Amino acid sequence: MKFHHEMSYDASPEEVAAMLADRDFREQVCMAMDSTRHDVSVEGAGKGMKVVVDQTQPARGIPSFAKKFVGDSIQIVQRESWSSETAATLLLEIPGKPGQLDGDIRLAVDGDGTIETVAGDLKVKVPVVGSKLEGLVADLLTSALRTEQKVGRAWLAARKC
């Protein structure tokens, strides 16, 4: 399944890139998503930056057909490898589960602001219910990115004062 989500910010791509390179920002996003456990690693900035966000979240709102595959919590490992200040490859994995997203992140100027685009191929390799699970994972990822955007907008606004 193809996944695509855009987030807009009232800041330059350089300011958004600096935010994404800030470990404290990444931890605030995890806390806003009610992670029960998280570990954030940010190495470098701009070209060559590596980010790993390993977090566990409660599996709330998961339909019963998916509960047996997911359990009571979901561990998600997000790996970003930045080839420039505005472009990264993205791998989202659910350790021990047959699902992942291979994609990329792009920052682009949009008027006076920035659009951050997350796109890729979302795959859940489970016979019969795989496509239903892909839709569920896409919904969860969209919700997580909306939370990230909300935290990001507040983060950037606080730094403009």
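Quick rundown of the values:
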| quantity | calculated |
| --- | --- |
| Qualifying positions in region 109-125 - aliphatic (A, V, I, L, M) and under 12 Å from the mean Cα position of the chain (by Cα) | V118, A119 |
| Residues of region 1-13 that turn out to be touching a Ser or Thr at 6+ places or on another chain (Cβ under 9 Å), surrounded by fewer than 19 Cβ atoms within 10 Å (Cβ to Cβ) and not hydrophobic (A, V, I, L, M, F, W, C), as a count | 6 |
| Residues (of a type outside the set (A, V, I, L, M, F, W, C) and either part of a strand (DSSP E or B) or crowded, with 16+ Cβ neighbours inside 10 Å (or both)) located in region 100-114 | Q100, D102, G103, D104, R106, D110, G113, T114 |
| Near pairs, Cβ below 8 angstrom, 6+ apart or cross-chain, from region 72-91 (among the aliphatic types (A, V, I, L, M)) to any residue that is at pLDDT 95 or above and not in a strand (DSSP E or B) | A88/M49 |
| Some residue of region 32-52 being touching a Cys at 6+ places or on another chain (Cβ under 8 Å), under 22 Å from S143 (Cβ atoms) and not basic (K, R) | yes |
| Among residues of region 1-28, those that are under 15 Å from the mean Cα position of the chain (by Cα), closer than 14 Å to Q149 by Cβ and assigned to a strand (DSSP E or B), counted | 4 |
| Selection count, region 107-127, where residues are out of contact with any Phe, Trp or Tyr (no Cβ under 8 Å at 6 or more places or on another chain), touching a residue at least 24 places away in the same chain (Cβ under 8 Å) and not hydrophobic (A, V, I, L, M, F, W, C) | 5 |
| Filtered residue count, region 41-80, keeping only those that are in a strand (DSSP E or B) and either at pLDDT below 75 or within 28 Å of G135 (Cβ to Cβ) (or both) | 16 |
| Region 29-55, residues that are surrounded by fewer than 18 Cβ atoms within 10 Å (Cβ to Cβ), under 15 Å from the mean Cα position of the chain (by Cα) and either more than 17 Å from E80 (Cβ to Cβ) or among the small types (G, A, S) (or both) | M31, A32, D34, S41 |
| Residue that is farthest from E15 (Cα to Cα), among those in region 115-149 that are in contact with a helix residue (DSSP H, G or I) (Cβ under 7 Å, 6 or more places away or on another chain), assigned to a helix (DSSP H, G or I) and modelled with pLDDT of 85 or more | T147 |
| Complete set of residues in region 81-99 that are within 19 Å of F3 (Cβ to Cβ), part of a strand (DSSP E or B) and touching a helix residue (DSSP H, G or I) at 6+ places or on another chain (Cβ under 9 Å) | A88, L92, G99 |
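The values are calculated or read from the model by the stated rules, or taken from the named source; none is laboratory data. Predicted model, so just to flag it, every value in this text is computed and none were measured. In this analysis, Cβ positions are derived from the backbone assuming ideal geometry, glycine residues included, and neighbour counts consider all displayed protein chains.
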